[in-house]
1. (1) more than 22 Å from Ala255 (Cβ to Cβ); (2) more than 17 Å from the chain's Cα centre (by Cα): which one isn't true of Pro346, the others all being true?
2. Look at Tyr69 and say whether it is aromatic (Phe, Trp, Tyr), under 26 Å from Ala314 (Cα atoms), in a loop (DSSP other than H, G, I, E, B) and at pLDDT 95 or above.
3. Go through the residues of the stretch 351-373 one by one and say whether even a single one is near the ligand (Cβ under 9 Å from one of its atoms), modelled with pLDDT of 95 or more, acidic (Asp, Glu) and surrounded by fewer than 23 Cβ atoms within 10 Å (Cβ to Cβ).
4. Gly145 passes all but one of (1) closer than 27 Å to Gly112 by Cβ; (2) more than 16 Å from the ligand (Cβ to nearest atom); which number fails?
5. For the stretch 321-348, which residues satisfy the criterion of being surrounded by fewer than 24 Cβ atoms within 10 Å (Cβ to Cβ), in contact (Cβ under 8 Å) with a residue 60 or more places away in the chain and within 16 Å of the ligand (Cβ to nearest atom)?
6. Say whether the condition of being free of Cβ contacts under 8 Å to residues at least 40 places away in the same chain and of a type in the set (Asp, Glu) is met by at least one residue in the stretch 144-151.
7. I'd like the full set of residues that are of a type in the set (Asp, Glu) and either more than 16 Å from the ligand (Cβ to nearest atom) or assigned to a strand (DSSP E or B) (or both), limited to the stretch 78-134.
8. Filter the stretch 86-124 for residues that are out of contact with any Leu (no Cβ under 8 Å at 6 or more places or on another chain) and β-branched (Val, Ile, Thr) and give the result.
Amino acid sequence: MRFELTDEQQQVQEMVRSLARKTLAPKAAEIDEDSRFPEDNLRQLAGLGLLGMLYPASFGGSEAGAVAYNIALREVAGGCASTAVGMAVTNMVGEAIWRFGSEEQRRKYLPGLASYGIGLGAFALTEPGAGSDAGGLATTAVEDGDRYVLNGSKMFITNGSHAGVTIVMAVTQKDPKRISAFLVEPGTPGFTVGKPERKMGLKGSDTVSMSFDDCRIPKRNLLGGLGEGLKIALAALDGGRIGISSQAIGIAGAALDAAAAYAQDRRQFGQPISGFQAIRWMLADAATGLEAAQLLAYRAAWMKEQGKPYTREASMAKVFASEAGNRACQNAVQVLGGYGYIREYPVERHLRDIKVTTIYEGTSEIQRIVVSRSLVR
Ligand SMILES: Cc1cc2nc3c(=O)[nH]c(=O)nc-3n(C[C@H](O)[C@H](O)[C@H](O)COP(=O)(O)OP(=O)(O)OC[C@H]3O[C@@H](n4cnc5c(N)ncnc54)[C@H](O)[C@@H]3O)c2cc1C
């Protein structure tokens, strides 16, 4: 067993860490304060090959592998969590098109996703009436000559108003239980995007509703086979869940660094508060949780890279990392006392940004259901 990164993975870590600390982190508070979409950051990531890390160079990607991708995502999240979620969904969409798309679809979308040439990628599964229960989708796709006609609405779609292509999950008329995946481009008549949601955290990220009103798309925009949508969604979410672990580890790591630095500066009762055991234990607990989370995330990413089944491991990593990360951010705020609660310091933002990691791409409760399936039938 080797607990070491390869030279390439180390290079990715160093490059992205430097970018995150020097360029992304200094802008993160302002992006949060103004709820500003970080297009400049995302274009910079594209220039470094970080938006297409999971498919080959022949399609514009950098094919860095799941471990290097998760390292990069963690580092970006430590700098600016709103930027990381835009990066994560674009990589997830690109990988799904790479895995399940036709040659024509790959050529059409992948280079432009990696370079930001066509915009970001969006993934539209959730609906107003169907969140955890993807089987409850009500958006329909009905065949009509050489087209599919989409009707319905989607909720909480990341990157939705900046997407060059959105993977939309819909049920086909013939068999309502069968879900298919469709590639929808902006500007398609009948496709409208709602106003950005006002959120607790990740305020720079773009989260919108979408509606489809007799939206006619060419049949060639079906991704994968008819009825393969759920398979595609679950495959994308498996990889995505490791990504959420990495986001949580990155955000909480930044909070822990801030708390450790503060604890050594802040003096009470004639000494730095880092001298109090209560403070040291909060830091130690946070660091231990994040280390364990990192090992779970690395293992799941490594299994993915090896082509092994990793659904259970991805869910374990997600539930553990998001919850350990939330606790670490709580501790960081506590270590800073009253200053932790005000905006002058970054830890309250980290706490707001990390909350959603226990919710999106499957809540903690759903991850526990997935894990328990391997234990009891
Ligand atoms: C910022 C943000 C970005 C998002 N981005 C996207 C995106 O890009 N694409 C997309 O498709 N979706 C996206 N989502 C949606 C997200 O994935 C859903 O919010 C999430 O899956 C939960 O669904 P829900 O909100 O409908 O909650 P519900 O499914 O209504 O769940 C409510 C509560 O009930 C619990 N619950 C539900 N079922 C069970 C059960 N069987 N057992 C025990 N407890 C259960 C849940 O765990 C939760 O605590 C995003 C959400 C947010 C907030």
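1. Of the numbered conditions (1) more than 22 Å from Ala255 (Cβ to Cβ); (2) more than 17 Å from the chain's Cα centre (by Cα), the odd one out for Pro346 is (1).
2. Numbers: aromatic (Phe, Trp, Tyr): yes; under 26 Å from Ala314 (Cα atoms): yes; in a loop (DSSP other than H, G, I, E, B): no; at pLDDT 95 or above: yes.
Taking the combined requirement at face value, the residue does not satisfy it.
3. Yes.
4. Of (1) closer than 27 Å to Gly112 by Cβ; (2) more than 16 Å from the ligand (Cβ to nearest atom), only one is false for Gly145: (1).
5. Of everything in the stretch 321-348, just one residue is surrounded by fewer than 24 Cβ atoms within 10 Å (Cβ to Cβ), in contact (Cβ under 8 Å) with a residue 60 or more places away in the chain and within 16 Å of the ligand (Cβ to nearest atom), namely Asn326.
6. Taking every residue of the stretch 144-151 in turn, none turns out to be free of Cβ contacts under 8 Å to residues at least 40 places away in the same chain and of a type in the set (Asp, Glu).
7. Taking the stretch 78-134 as the starting set, the residues that turn out to be of a type in the set (Asp, Glu) are 95, 103-104, 127, 133.
Within the stretch 78-134, Glu103, Glu104, Glu127 qualify.
8. Ile118
The values are calculated or read from the model by the stated rules, or taken from the named source; none is laboratory data. Small disclaimer: the values here were computed from a predicted structure and weren't measured. Ideal geometry is used to build each Cβ from the backbone, glycine not excepted, and the neighbour counts take in all protein chains shown.
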